[in-house]
Amino acid sequence: MTKAYSRFLTAFFCLFLAGLLVWHVLLPDRGQSETENRTLAQAPAFSWSALVSGSYTEDVEEYFADQFPLRDGWTGLKARMEQLLGKREFNGVYLCGDTLISKVDTPVAGAVDKNLSYVDRLAGKSDANVVLGLIPSAAELWKEKLPAGADSWDQTALMARSQVDFRDALAAHADEPIFYRTDHHWTTLGAFYGANALLEVLGKESLKEECFTPEIASDNFNGTLYSQSGIHWLEPDTMEFWVAEEGLTVTSWRTGKEEPASLYDRTYLEKKDKYSAFLGGNQPLCVIKNENVTDGSKLLLVRDSYSDALAPFLAQRFSEVHLLDLRYYRAPVSAYAAENGIGDIAVVYSVQNFISDVNLVLLTQ
Amino acid sequence: MIFSSLTFLFAYLPLTLVAYFLTPLRWRNLTLLLVSLFFYGWGEPVYIVIMFLSILIDYTHGLLVEKYRDNDKKARWFVAQSVVFNLLLLGFFKYWDFLADNLFLLTGLSLPASLTLLGVTIPLRNIPLPIGISFFTFQTMSYTIDVYRRDAPVQRNIISFGAFVTMFPQLIAGPIVKYKTVAEDLNHRVHSTENFALGARRFCVGLAKKVLLANSIGALWDAQLAAQGAGTLTAAGGWMGLLAFGFQIYFDFSGYSDMAIGLGQIFGFRFNENFDHPYLSTSASEFWRRWHMSLTSWFREYLYIPLGGNRGGTAKTLRNILIVWFCTGFWHGASWNFILWGLYFAAWLILEKYALRNVLEKTPAPLKHLYTLIVVFVGWGIFAMEDLSVCGAYLAACFGGAPLWSAVDGYTLRSYAITFVILITASTTLGVRGWARLPEKAQKILTPILMALSLLVCTAYLVDGSYNPFLYFRF
């Protein structure tokens with residue numbers, strides 16, 4: 001090696017390392033990652049006790065990685081490399097042509113039976129009619145899109161325990177966009193088919209597709225699977241609102257206080273997390289009242305996030321739809337139903353959440 | 001801290017390089033000692049004490065051996081003291097739990113779980129293992145022995161000696177640098193931009209091996225082990241798992257050695273090579289001349305030959321082989337499977353030496369190669385599974401105790417086919433030979449491009465490795 005060439009290689013190596021260090025130091029720290037949908041680690045405070053226990057150095061490593069310059073660009077580069085190597089699974093997400101499908105992991109032994117038994121116990125406790133509805137995930141309904149031989153937990157046996165036949169209702173339309181391609185949720189179309197399946201079980205008249213005029217809320221929706229997989233090169237999803245807001249009054253209990261809210265929080269359409277536009281995302285309790293339905297019928301949905309797209313449809317057939325989230329709402333469900341004169345309770349969960357949830361035990365209070 | 005981490009690459013290393021090269025020549029060992037102590041203390045703040053203790057004790061023993069040079073009995077006594085100290089250190093931190101558990105199983109005697117001295121309670125069980133203890137105790141042992149054997153001069157400067165003991169490039173995962181190989185460099189080494197450039201290039205090669213090759217195949221082994229637990233392991237899956245583990249450990253370890261050698265070269269040290277394409281070997285004994293060479297040669301020089309090597313007749317040779325391979329296995333971990341793994345190789349080496357010699361000589365090379373690979377990869381099964389009943393069931397599945405093939409295996413094979421081709425190619429000398437055939441000009445253009453690719457892609461994998469989206473945050 002000539003001296004000049006050695007100098008060149010040395011300088012190149014040092015500049016790469018030091019350059020990113022300087023960039024990292026100069027770059028202002030971010031509080032949140034929009035793409036990853038989470039809070040990022042901040043610079044930890046130094047203490048001798050934290051140093052001795054080793055937690056200080058761990059926190060520094062986490063902070064350093066979370067605030068790394070061009071974070072999203074690096075994750076995208078990795079996904080591209082993996083694709084070149086012929087990989088089909090990216091951080092638990094399968095790439096199936098133009099569609100991302102989340103892999104369902106085998107649940108912890110006994111967890112499913114426990115959660116099922118909690119729903120049964122609620123039925124025994126409450127005077128209201130209790131039904132369980134389990135929404136199969138894309139990995140079940142779009143099984144044939146998965147790479148051949150790809151592993152995902154078989155949801156068939158669990159489906160038999162669901163009183164609401166979401167599976168058949170959705171399977172009849174499996175060739176339509178019933179799930180987002182870049183997000184794990186069902187689309188508004190999927191939720192529409194789901195709503196009719198639930199209404200049938202509750203003895204209500206079904207909804208007609210032609211009664212709705214879909215509005216394109218966003219044609220630039222990159223969902224959770226986009227973030228989780230690092231696959232950033234697919235066409236973004238289109239998100240629709242079907243149910244019109246007229247005649248519906250929405251009330252939220254986000255902070256423990258009653259606050260007026262709306263069916264769609266359009267501020268989310270400007271952010272990454274667009275799905276949260278439905279009812280404004282997660283909250284302990286939310287009530288939708290429909291002044292056009294005067295029979296006084298009340299439905300309580302024990303929810304996960306799939307219900308946010310579902311509830312606007314259900315509100316077409318009930319005077320009131322209450323959405324209660326067990327992770328944030330800690331009072332007994334049966335008591336809530338009794339106090340509010342609820343006639344029907346629907347525990348509606350997506351399979352992925354149902355098999356891993358640890359809050360369903362609260363149903364037995 | 002490990003080399004393949006963002007904090008090492010983009011904070012510790014650039015700052016260390018600046019500090020080191022701004023230091024005047026005569027103080028550079030001090031800088032090296034300080035940055036190395038910081039490196040060690042980063043992961044193990046408390047265990048820095050062990051470093052100081054190790055430096056002090058081995059340093060004084062080196063001086064004592066030198067002082068009593070004319071009194072062989074005394075000199076030997078001090079060598080023994082230093083060896084015993086290092087073995088006790090290793091024994092306490094690494095093997096105490098294992099010894100105590102087995103003593104209890106054998107005799108029902110249980111050793112105390114803690115010791116109270118002057119009001120201070122010292123726990124004696126389940127103590128976390130200080131990182132790199134197996135490596136640095138072996139290195140410091142080599143020092144007093146080398147001084148005694150006059151293979152290396154005594155080191156009178158405690159700072160230089162401290163720099164040898166703690167030197168961060170090889171501190172936590174080797175290669176095991178014998179004192180005599182770096183004695184000269186410790187006092188007078190060459191800092192040149194050529195050394196820096198070559199070292200940086202070597203470092204990039206090692207980083208890519210570790211991050212891109214080893215990490216990419218690790219998940220496959222985990223999946224097969226999980227399949228064994230779930231009862232769905234097939235023979236094909238079992239062999240893919242063993243291959244995956246063998247490739248993972250090779251590229252992980254040899255990548256780490258490359259990074260260590262490269263870093264050493266940046267600072268002007270010349271470490272010995274640690275791997276020489278071990279998967280090209282055509283016998284188990286050849287494998288061990290190409291795999292983790294610094295450990296094999298350590299045991300040969302400081303244990304096998306002092307025991308008499310192969311010069312005392314067949315019985316003694318057999319005994320010595322068994323002792324050395326028992327120790328080699330046990331060195332890898334305080335568990336029966338490692339001992340079994342060591343003895344498994346002892347058995348093959350003895351067979352090759354006495355029974356198979358004539359057979360192997362007549363066997364065509366491809367068959368010998370296949371035989372070696374099977375021996376080595378089945379060995380990885382013993383190495384990788386601490387629970388011997390799991391290990392037995394897994395290996396039984398590989399040898400026909402389970403269905404041959406399943407649809408999941410097809411998916412796995414398609415997902416990893418390209419990775420396997422790359423790993424197999426990278427295990428041969430094809431790359432090195434191809435590189436040597438390129439015209440010099442092409443090499444000059446390609447070197448910075450490949451280095452940039454390695455750094456960029458490794459960074460991408462490291463950033464994504466920390467990727468931990470909390471997706472159900474908003475459920």
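Taken together, the values in this text are just the output of simple stated rules run on the coordinates, not laboratory data. The shown structure was predicted, so the numbers you read here are calculated from the model rather than taken from an experiment. All Cβ positions, glycine included, derive from the backbone under ideal geometry; neighbour counts span all protein chains shown.
Remarks
- C-alpha long axis of helix A:111-125 to longest principal axis of chain A, angle in °: 30 degrees
- Pairwise centroid distance, computed over Cα atoms, of the stretch B:251-287 with the stretch A:25-48, Å: 38 Å
- Between residue A:365 and residue A:160, the C-beta separation translates, for a Förster distance of 25 Å, into a calculated FRET efficiency of about 0.35.
- Between residue A:300 and A:322, A:344, A:345, A:346, the built amide H atoms are under 5 Å apart, and every one of these is 5 or more places off in sequence or on another chain.
- Cα gyration tensor, chain B - rounded (a/c under 1.5), prolate or oblate: rounded
- Shown here for the stretch A:2-76: GluC sites (Glu not before Pro) in loop regions (DSSP other than H, G, I, E, B) with at most 13 other Cβ atoms within 10 Å, namely A:34.
- For residue A:235 and residue B:125, a Förster radius of 45 Å and the Cβ-Cβ distance give a FRET efficiency of 0.20, rounded to the nearest 0.05.
- Between A:93, A:104, A:25, the GNM of chain A built on Cα springs shorter than 10 angstrom shows A:25 fluctuating the most.
- Estimated inter-spin distance, residue B:307 and residue B:115, nm [label 7 Å along Cα→Cβ]: 2.9 nm
- Angle between chain A longest axis and helix A:71-84 axis [Cα atoms, degrees, rounded to 10]: 90 degrees
- Virtual spin-label span in nm between residue B:436 and residue B:102, 7 Å along Cα→Cβ: 4.4 nm
- Amide H contacts for residue A:264 (H built 1.01 Å from N in the peptide plane; partners 5 or more residues away or on another chain; cut-off under 5 Å): A:279.
- Applying 1/(1 + (r/R0)^6) with R0 = 41 Å to the Cβ-Cβ distance of residue A:51 and residue B:22 gives a FRET efficiency near 0.95.
- Using a simple spin-label model with pseudo-atoms 7 Å out from Cα toward Cβ, residue B:389 and residue B:157 lie 5.8 nm apart.
- The distance from the alpha carbon centre of the stretch A:195-243 to that of the stretch A:292-331 is 17 Å, rounded to a whole number.
- In a fully extended conformation the segment linking residue A:111 and residue A:23 would gain 27.0 nm over its present Cα-Cα distance, using 0.36 nm per residue.
- Close amide H partners of residue A:218, meaning residues 5 or more places away or on another chain with modelled amide H under 5 Å apart, are A:239.
- Of A:204/A:289; A:125/A:289; A:78/A:271; A:208/A:257; A:3/B:210, pairs whose Cα-Cα distance is over 28 Å: A:208/A:257; A:3/B:210
- Set of lysines near residue A:145 by C-alpha distance (under 16 Å), chain-local residues within fewer than 8 positions excluded: A:87, A:103
- Inter-part distance where the stretch A:121-168 and the stretch B:431-453 are each reduced to a Cα centre, Å: 56 Å
- Beta bridge orientation in the protein assembly as shown: antiparallel %, DSSP, nearest 5: 65 percent
- Qualifying trypsin sites (Lys or Arg not before Pro) in the stretch B:73-125, DSSP loop, other Cβ atoms within 10 Å at most 14: B:125
- Sorting A:339, A:210 by the number of Cβ atoms found within 10 Å of their own Cβ, with the fewest placed first, yields A:210, A:339.
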